[in-house]
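> The structure that follows is given in the form of structure tokens.
The values are calculated or read from the model by the stated rules, or taken from the named source; none is laboratory data. Remember, predicted model here, so these are calculated numbers, not experimental data. Every residue, glycine as well, gets a Cβ built from its backbone with ideal geometry; the counts of neighbours run over all protein chains shown. Surface accessibility is based on the protein's heavy atoms, side chains included, excluding ligands, DNA and RNA. Shrake-Rupley method; radii C 1.70, N 1.55, O 1.52, S 1.80 Å.
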Protein chains: 4
Amino acid sequence: MMTMEKIVYRPARDELAYTFGGRMPVAHVRSGDILEVFTEDCFGGLVRGPADFPSQVCRMPYLNPVSGPFFVEDAEPGDTLAIHLASIVPARDWGVSSTFPHFGALTSTSHTATLQPPLEERVWVYDIDRQAGIVRFQATETDHTVDLPLEAMIGTIGVAPGGMQARPTIVPDTHGGNLDTPQLRAGTTLYLGVNVHGAMLALGDGHARQGEGEACGVGVEIATTTTLAIEVIKGEPTGWPRLETDNSIMSIGCARPLEDAYRIAHHDMVGWVGALTGLETLDAYQLVSQAGRAPIGNVCDPNYTVLAAVDKALLPAPASAYAGVHDRLRQLAVGLG
Amino acid sequence: MMTMEKIVYRPARDELAYTFGGRMPVAHVRSGDILEVFTEDCFGGLVRGPADFPSQVCRMPYLNPVSGPFFVEDAEPGDTLAIHLASIVPARDWGVSSTFPHFGALTSTSHTATLQPPLEERVWVYDIDRQAGIVRFQATETDHTVDLPLEAMIGTIGVAPGGMQARPTIVPDTHGGNLDTPQLRAGTTLYLGVNVHGAMLALGDGHARQGEGEACGVGVEIATTTTLAIEVIKGEPTGWPRLETDNSIMSIGCARPLEDAYRIAHHDMVGWVGALTGLETLDAYQLVSQAGRAPIGNVCDPNYTVLAAVDKALLPAPASAYAGVHDRLRQLAVGLG
Amino acid sequence: MMTMEKIVYRPARDELAYTFGGRMPVAHVRSGDILEVFTEDCFGGLVRGPADFPSQVCRMPYLNPVSGPFFVEDAEPGDTLAIHLASIVPARDWGVSSTFPHFGALTSTSHTATLQPPLEERVWVYDIDRQAGIVRFQATETDHTVDLPLEAMIGTIGVAPGGMQARPTIVPDTHGGNLDTPQLRAGTTLYLGVNVHGAMLALGDGHARQGEGEACGVGVEIATTTTLAIEVIKGEPTGWPRLETDNSIMSIGCARPLEDAYRIAHHDMVGWVGALTGLETLDAYQLVSQAGRAPIGNVCDPNYTVLAAVDKALLPAPASAYAGVHDRLRQLAVGLG
Amino acid sequence: MMTMEKIVYRPARDELAYTFGGRMPVAHVRSGDILEVFTEDCFGGLVRGPADFPSQVCRMPYLNPVSGPFFVEDAEPGDTLAIHLASIVPARDWGVSSTFPHFGALTSTSHTATLQPPLEERVWVYDIDRQAGIVRFQATETDHTVDLPLEAMIGTIGVAPGGMQARPTIVPDTHGGNLDTPQLRAGTTLYLGVNVHGAMLALGDGHARQGEGEACGVGVEIATTTTLAIEVIKGEPTGWPRLETDNSIMSIGCARPLEDAYRIAHHDMVGWVGALTGLETLDAYQLVSQAGRAPIGNVCDPNYTVLAAVDKALLPAPASAYAGVHDRLRQLAVGLG
């Protein structure tokens, strides 16, 4: 039985981090601990109304702050860090979204560079009703409103990358980072390969919800109180980020163009399915081809994200992934409730 | 009230078509008619067991045959053809899948050309139990089996393209074609812009099911008996293929790289949402960004496909798409049952 | 010795073709013949001044007309058609270029779809001085002029594609088409695989010059009188378009994204170098990697084009490509001068 | 007149750097100084013969070492660092190239992930004759040899990126880095925007030559003695890397897919031409479209590189770029000879 401790962390403003890697830890945690973290929104809380244009109130590179990093004792390169998202609670009763000059899927960007002027910058403020589980969209030019389901998620979560790198928090890659997938919701366990001594876990960029692809480049951005249960899986490396829920396993590919993100995720999933079930590689490829889902995460960040997902019920008698850590942490998390 | 006729068509082998465009019609139908069509599988029924390698038993370009084209009376360029998929019934109690040299998402291809030898070509035969609604995967190298849900769909359906073109049936584009999305199931209405007098509708390439992206390049390929209800919507053009179900509307983008398919679909959806609801463009962009789903169709065909989908329940009081034709054809189809 | 005939062809306006494939021949030619063809510019000659906006004076799909197709006797599927460009003479003393709504490399397009309005549509008229070999750029908003070298080329040249296809002339692919590379100049021999009985050669879309990539989507568009020498190489197939000059050999890849065009061209070149020199595959890959050039053709058409080029002087004692047909036709062409 | 100093730097093995950013300077230099730097090859000098497989003798992330960083006094964010390549001399009489598992343009990779086994890993050793200016290719499977021109270049050169980042030296981006273009030869001036106090210049990864695109992923890798002249241009920022030679100006785009690298480079060039000549934006776009070249750098690194190049002779009376620094440093470099 694990002796578990609950660490509560609320960053001071000048403690917020803007890179994965290149930072000293803000706290130490141990495998089996529960971590309750306050996370700021992607704008550092500075966009609060229609007149707060992100390009004016935010200053590069101080975007997309994360809380952390947390030094995880006993985590070494070659291990895997399992991070179970126990709960993600919006910290305020509002969220914001916006367009942002030359950022997003339906605009030219710094990289898909065109000679056209940028789209108009505009801010949308959403009311959030935590009790009712509702996020209210209000149109800016007409009177329309729509109540959307509150489906809180963490946009950015990762560890320090290897090779002495420090990456902006806006980038998703093998180390996690700005994965921006709605699958990072409460009840999900995230697996990340450990690249440096102590792993150096950090997270932020909560969304009250986002569509698949995050088309306009910005979700319904919120500050959160997020509770995690973590465990170090010794001696088992993980190449690309993976997810597990009660019902499914998922691999995440991060790349441009988008088909490479698809390829990475599905290549990883074919190997994972083979390892869990004993299926030979082409048999696993065939099964994933017919049984898999491929939810898109983001089509706006420096790397796009695509997931390969397979329901456990469609796998032939799979072994437990990572020695059953998801079920273990899930139980632990339920016990917190 | 429409006077409806039921046309039954079963192609002789030499009537199968391999292009959209460039063909004479096999039958004439009218707006409001019901069409029951036998469709061959993508291998022309020639792959029946593990020794029937597609690259040997099939001869290019005689792949992916479609039944048709059907001349739709009164359909003119500038109109939209609504095609409701009333039912898709597997015609045999088996389906096949395979790898195919240099085709698929996790292999080098004719276009993503590498110096590596192709993956091994292999055939999988699936038993289909229509009563139980099950498609049985059987591994080739081990004894594993898995029962997957039967989720029959039409892979290829389209009209003649404009500009005097004739396109291989393997290609998806504005005219439809090899869209290869699981969303083309019974209960769905497909909208295609009419490019030539008579529209020239054709379909084939049924799948007992496929995963999102059709990773290995081949679904669980089946012959089908497919029943359609069609209606011509006069004077309303449609740029890219669109879908409607009881619960949602969807736009389909067809392109490489995959992000362009995403962009096309979402650009079309933003315009469609704006037209149906009265939302201004950036408001529609914002709503689609938070409420939308983006199911991937295929990541193997000459053009990849991505859909933009929005639940009707998340739209503010939308007008009926295409003057309510989906509900009308849905009712008609239910009446057939 | 070949008995050579010179065929002169000047299309009437309603003889212009807008597809490769799906057309009846306008004339018959034989291997060894000389063909002198008048070609219209990509706008059909309708854009003659700053007020002639292409989107207004041209009507889709009547863009990019070609002259032909010419039925080449004795050309059969599996053969290669060698087409030597003996001379390309501007037919008028002016050329035009333009921006075009949502077309070009530095704008959003129909496929790289964004919500931004299109760039302004504008026409540039160039004076052409054939004697001096000069194309004069004149700015529209200021008084600047620049004399650029006249480097006449053919943008679009191809044969009928296989598989009963008819493709718009705007598309480059295995059959040739809108290759849009400055390498298609006088002195170059183009090799195209024959897909249908008679090959069905056609050409058009001359440019007085263009930059690599044709960034704005439009070259300095001209009508031309183009003289070709053709020869059928029996029993030797060609997969992707290839070029030969006195000094180099080149393979052309046509695809999206641009790296696939690069891959196709270089994969083909590695094989070609191996076949000509006897180098083993990885040795040929290594040599091409260090000795090769990779000129970009277009980054605006439905498929982008990249070439792989290697100087003959950097190949170890190569056999003559296609049994020396380039030298033979070159001599023939010089004899015409 | 500048008082110039010559700094000579030869790194000890444990001084080699593997990131841009995140490092302390190895020396301080001033605007106007001459810097003579020994650079190791991309394998750290460990691959010396056919049995030295890079994947075995090198250990990640210790690949692609650079010498530096050099702290440039007076260089501040918002300035531009001009680096003139005075000479690049191979330090040994041999160079090496190789294939490398899942790296290169004609193989599946970690990101273009497929289920195929990697290409065979193989090493090629080249003799270099500095006097004759020759690099000798020797085939491994046959007796063929070819003498290629020695065209020494620097593959990797850059400054520290902004935003507290540390990037692996293998990555090209706005800060320079692994640009891998043959244009980085003696006689060229490179302009890089300064992101941090002191700029933190570093370089390495010499090539005796490489083809455009570096198809196999590896040039003819050499150690070098490279001489640079540097100057800080105060108060003039530079977004993407730019080059100037006696005859032309060039912008470098770094991105995936390759068309985005093309777009970035050409977008930057249109702006640069406009600024130098006074041409309005669309006029500059038009001129670049007809006069420009687009040499490909690499199609194998984490970001691909494409250049936009325009001959000065084809620009209408341009102002000197960066106040004539190229001519000044060029003179200085000639004086060193």
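> Per-residue Cβ counts within 10 Å, from other chains only, averaged over C:213-224: what number is that?
Mean inter-chain Cβ contacts per residue within 10 Å come to 4.
> With a 1.4 Å probe, how much accessible area is buried between chains B and C, both sides summed, in Å² to the nearest hundred?
The summed interface area works out to 2300 Å².
> Sticking with this structure for a sec: What number, in percent, do you get for the relative contact order of the stretch A:78-196 if the mean sequence gap of Cα pairs under 8 Å and at least 6 apart is divided by its residue count?
Dividing the mean separation by the residue count of the stretch A:78-196 yields 31 percent.
> Shifting gears a bit: Every other copy gets compared here: list the nm distances from the B:E121 label point (7 Å along Cα to Cβ) to its counterparts, shortest first, one decimal.
So the label point of B:E121 gives 3.3, 4.9, 5.7 nm to the other copies.
> May I ask which residue of chain C has the beta-carbon nearest to the axis carrying chain C onto chain A, and at what distance in whole Å?
Rotation axis C onto A, closest Cβ, rounded to whole Å: C:Q116, 2.
> In degrees from 0 to 90, rounded to the nearest 10, what is the angle of the helix A:325-336 Cα long axis to the longest principal axis of chain A?
Rounded to the nearest ten degrees, it is 60.
> Could you work out the mean count of beta carbons from other protein chains within 10 Å of each residue's beta carbon in A:116-124?
For peptide A:116-124, the averaged partner shielding equals 4.
> Considering the Cα positions of the stretch D:243-315, please state its Rg to one decimal place and its Dmax as a whole number of Å.
Cα-based Rg and Dmax for the stretch D:243-315 come out at 11.9, 37 Å.
> Moving to a separate point now. Starting from the Cα of C:K6, draw a straight line to each of the lysines and keep only those under 29 Å, dropping any in the same chain fewer than 8 residues away.
C:K234
> Carbon-plus-sulfur fraction of the accessible area of the stretch B:243-315, 1.4 Å probe, in percent?
The value for the stretch B:243-315 is 49 percent carbon and sulfur by accessible area.
> At A:G78, label 7 Å along Cα→Cβ: distances to the other copies, nm, ascending?
4.9, 5.9, 7.3
> Let me ask another. Express the relative contact order of chain D as a whole percentage, based on alpha carbon pairs under 8 Å and six or more residues apart in sequence.
Across chain D, relative contact order equals 22 percent.
> Plugging the Kirkwood radius over Cα pairs into Stokes-Einstein for chain C, at a temperature of 37 °C and a viscosity of 0.692 mPa s, what D comes out in µm²/s?
163 µm²/s
> Quick one: Cα centre-to-centre distance for the stretch B:224-302 and the stretch D:115-151, in angstrom?
A separation of 52 Å, based on Cα centres.
> Give, as a single signed number, the net charge of other residues whose beta carbon lies under 12 Å from the beta carbon of A:S31, with Lys and Arg counted +1 and Asp and Glu -1.
-4
> Work out the P(r) tail for the stretch A:153-215: percent of alpha carbon pairs separated by more than 17 Å, whole number.
I get 37 percent for the Cα pairs in the stretch A:153-215 exceeding 17 Å.
> OK, next. Given the stretch A:26-65, report the % of alpha carbon pairs whose separation exceeds 12 Å.
Across the stretch A:26-65, Cα pairs with separations above 12 Å total 66 percent.
> Another question about this same structure. I'd like to check one number: the per residue accessible area of the stretch C:243-315, probe 1.4 Å, reported in Å² as a whole number. Working shown, then result.
Working: 1280 Å² over 73 residues.
Here the per-residue accessible area is 18 Å².
> Taking the Cα centre of the stretch D:243-315 as origin, work out the dipole magnitude from +1 charges on Lys and Arg Cβ and -1 charges on Asp and Glu Cβ, in debye rounded to 20.
120 debye
> May I ask you to order D:202-214, C:276-288 by the average number of other C-beta atoms within 10 Å around their residues, highest value first?
D:202-214, C:276-288
> Normalising by the residue count of the stretch A:71-126, find the relative contact order in percent from Cα pairs under 8 Å and 6+ residues apart.
So the answer I get is 35 percent.
> Then there's this: Over the C-alpha atoms of the stretch B:176-297, what are the Rg and the largest Cα-to-Cα span, Dmax, in Å?
In order Rg, Dmax, the Cα atoms of the stretch B:176-297 give 15.3, 45 Å.
> Which of the GluC sites (Glu not before Pro) found in the stretch A:1-38 are loop residues per DSSP with 11 or fewer other Cβ atoms within 10 Å of their Cβ? Write down the numbers at each step before the final one.
Values: sites: A:E5, A:E15, A:E36; in loops: A:E5.
Taking the stretch A:1-38 and a limit of 11 other Cβ atoms within 10 Å, the loop GluC sites (Glu not before Pro) found are A:E5.
> If you plug each phi of the stretch C:100-113 into the Karplus form 6.51 cos²θ - 1.76 cosθ + 1.60 with θ = phi - 60°, what whole-Hz ³J(HN,Hα) values come out, in order, with x for Gly and Pro?
Those phi angles translate into 8, x, 6, 9, x, 8, 10, 8, 5, 9, 4, 9, 8, 7 Hz.
> If you don't mind, another one. Hey, what do the phi angles of the stretch A:54-67 turn into as Karplus ³J(HN,Hα) couplings, whole Hz, using 6.51/-1.76/1.60 and θ = phi - 60°, x for Gly and Pro?
Working through the residues one at a time gives x, 5, 9, 8, 9, 10, 5, x, 8, 10, 6, x, 10, 9 Hz.
> I need the Debye-formula profile for the protein assembly as shown: one equal scatterer per C-alpha, no solvent, reported as log10 I(q)/I(0) at q = 0.05, 0.07, 0.09 1/Å, two decimals.
-0.36, -0.73, -1.28
> May I ask for the net charge around D:P69, where only other residues with Cβ less than 11 Å from the Cβ of D:P69 are counted and Lys, Arg are +1 while Asp, Glu are -1? Mind dumping the intermediate values first?
Numbers: positive: D:R23; negative: D:E15.
Taking every Cβ under 11 Å from that of D:P69, the sum is 0.
> Additional query: List the residues of the stretch C:275-295 whose accessible area drops by at least 50 Å² when all protein chains are present, compared with their chain alone, using a 1.4 Å probe and counting only protein heavy atoms.
Buried by the other chains: C:L282, C:D283, C:Y285, C:Q286, C:S289, C:Q290.
> Using alpha carbons only, how many degrees (0 to 90, rounded to 10) separate the axis of helix D:258-277 from the longest principal axis of chain D?
Value to nearest ten degrees: 30.
> Calculate the mean, over all residues of peptide D:157-168, of how many other protein chain Cβ atoms lie within 10 angstrom of the residue's Cβ.
5
> Put a point 7 Å out from Cα along the line to Cβ at A:D52; what are the distances to that point in the other copies, in nm, shortest first?
Label-point distances to the other copies, shortest first: 5.6, 5.8, 6.4 nm.
> What accessible area, in Å² to the nearest ten, does a 1.4 Å probe give for B:R30?
About 110 Å², ignoring ligands and nucleic acids.
> Using a 1.4 Å probe and counting only protein heavy atoms, arrange A:H267, B:H144, C:H266 so the residue with the most accessible area comes first.
Order by accessible area, largest first: A:H267, B:H144, C:H266.
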